[in-house]
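Remarks on the structure that follows.
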Amino acid sequence: MHRRTRLAAGLAVLVTGLTAATATASTPPLPGNHSVAPVYAKAETRALFDDDAGGNSNADDPAIWYNSAHPGSSLVLGTAKEGGLDVYRLDGSLVQSLPAPAAPGADSSPGRFNNVDVLTGVRFPDGRRSDVAVVTDRGRDRIRFYRIDGSRPGAPLTDVTDTAVPRAFAATEAEVDDQYTAYGTAVWRDEDTGRSYVLASRRHTPDLGLFEVRVTRSGTVTYAKVRTLTLPSTFRTPGGTWSPCQDPGDGPQIEGLVVDADEEDVYIGQEDVGVWKVDADLDDDPELVDRVRQFGIPAVYDPVSDECVAGADPGYGGEHITADTEGLTLFRGPSGHQYLIVSSQGDYTYSVYDTSDDDEWAGSFRVAPGAVADGSEETDGIAATGRGLGTAFPNGLFVAQDGYNAPASGDDGDRTDTNYKLVDLSDILRAAGVR
């Protein structure tokens, strides 16, 4: 989520080592933390523009599809909001662009693809197992499915969403148009039962839903809701109780989600709170792994400025994440340790946690401007893999959404310009000091 400036007073004291920047599309309007080690992109995807001329396309969340037969032909998938779902090669070039659904009526919202993940080994009625890209359509409150076929290099994804997929959260189509809809997503398979599931958060709320994936006899894919979990909105602090300041009627929402398949846990990014962990079946109490720096700061919504005006920092927050807590991803390093990367959207950095060592914070890095591409700022979604991807990324890959891409050639810099940056994972291991 590209957030407007919130906590108007007191924000400057929360992040040290920050430098000011000019407010244009190519240079972010908020300061970034330059005290952490930089890494540099080896490739980037095309520029997307969130206006009528650009098809209201806006990069948000990536996923990596691993081609086990030809790792060098693996793909990066990226949501583009009303622009649908894009498919990229490892050099950043576009392979395929799948449209979001049109609005069903003049007064309705069109499809708007927010987050994406890849579910592996889904069995279809033709007897084959295929990987499936799973997308949350926040515009229409649906979960959509795209079968992946690496033998079709020009058009590897095919829409297999059943035409009768239900709304994920909204009770009526009127609620859909209010946009309290499916938002973040992650997928997992229960190894005991073999059943596959999608986890999806709900926009503007602290709600998370668990949905069982079902393949129909005709080969389309749908789902059924199993249960929901609501994360806390109010927290006990040494000074009493605290709730994150939100727009009236909203709750502290969730977007970033990633499942630890070995432990069957899901890590959850609650944007103004921090990172949680809970059983992936949502049948347990969540544990708060880390807090944002702004945790506990009292703030009051000002309807005139449409901002939350903050008071003094009582010092209850964490040390590593500046709100929003956005993208989350997991990868396994050469040592065998598994790491969680969290996008610290508020200071343009990424924090790394060792999940093999009780989720201890291990280090931070940033994607800085380099010889091939500009850096990444105000990142939403991220994705990573420790698997080698041919000669392009033999040590693994990290992909980050860039919320302030440098202006495209001929652009005056006034348009919202976003894309995805591709970084060699070994550079991140080195910068964050992990192995």
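The values are calculated or read from the model by the stated rules, or taken from the named source; none is laboratory data. This structure is a prediction, so every number in the text was calculated from the model and none was measured. Every residue, glycine among them, receives a Cβ derived from its backbone with ideal geometry; neighbour counts consider all protein chains shown. Areas reflect the complete protein model, heavy atoms only, side chains present, ligands, DNA and RNA absent. Shrake-Rupley method; radii C 1.70, N 1.55, O 1.52, S 1.80 Å.
One table, with the values for the structure above:
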| quantity | calculated |
| --- | --- |
| Residues located in segment 168-197, provided they are farther than 12 Å from residue 140 by Cα and in contact with an Asp or Glu (Cβ under 8 Å, 6 or more places away or on another chain) | 184, 185, 186, 187, 188, 190, 191, 195, 196, 197 |
| Residue check, residue 47 closer than 22 Å to residue 404 by Cβ, surrounded by fewer than 24 Cβ atoms within 10 Å (Cβ to Cβ) and touching a strand residue (DSSP E or B) at 6+ places or on another chain (Cβ under 6 Å) | yes |
| Residue satisfying all of: in segment 50-87; of a type in the set (S, T, N, Q) and either open to solvent by 50 Å² or more (accessible area, probe 1.4 Å) or without any contact (Cβ under 8 Å) to a residue 12 or more places away in the chain (or both); nearest to residue 154 (Cα to Cα) among these | 73 |
| All positions within segment 219-240 that are open to solvent by 20 Å² or more (accessible area, probe 1.4 Å), among the β-branched types (Val, Ile, Thr) and more than 22 Å from residue 277 (Cα to Cα) | 220, 222 |
| Residue that is nearest to residue 89 (Cα to Cα) [pool: residues in segment 388-419 that are surrounded by fewer than 22 Cβ atoms within 10 Å (Cβ to Cβ) and in contact with a Pro (Cβ under 7 Å, 6 or more places away or on another chain)] | 390 |
| So residue 385, is it within 21 Å of the chain's Cα centre (by Cα) and surrounded by 24 or more Cβ atoms within 10 Å (Cβ to Cβ) | no |
| Out of 181, 205, 216, sole residue that is open to solvent by less than 40 Å² (accessible area, probe 1.4 Å), in contact (Cβ under 8 Å) with a residue 12 or more places away in the chain and more than 19 Å from residue 253 (Cα to Cα) | 216 |
| Residue tally, condition in a loop (DSSP other than H, G, I, E, B), at pLDDT 95 or above and surrounded by fewer than 16 Cβ atoms within 10 Å (Cβ to Cβ), over segment 104-137 | 4 |
| Spans of strands (runs of 3 or more DSSP E) in segment 294-346 with at least 1 residues closer than 18 Å to residue 386 by Cα | 325-332, 338-344 |
| Residue in segment 91-98 that is over 17 Å from the mean Cα position of the chain (by Cα), in a loop (DSSP other than H, G, I, E, B), hydroxyl-bearing (Ser, Thr, Tyr) and surrounded by 21 or more Cβ atoms within 10 Å (Cβ to Cβ) present | no |
| Set 307, 319: member being acidic (Asp, Glu), open to solvent by 40 Å² or more (accessible area, probe 1.4 Å) and free of Cβ contacts under 8 Å to residues at least 60 places away in the same chain | 319 |
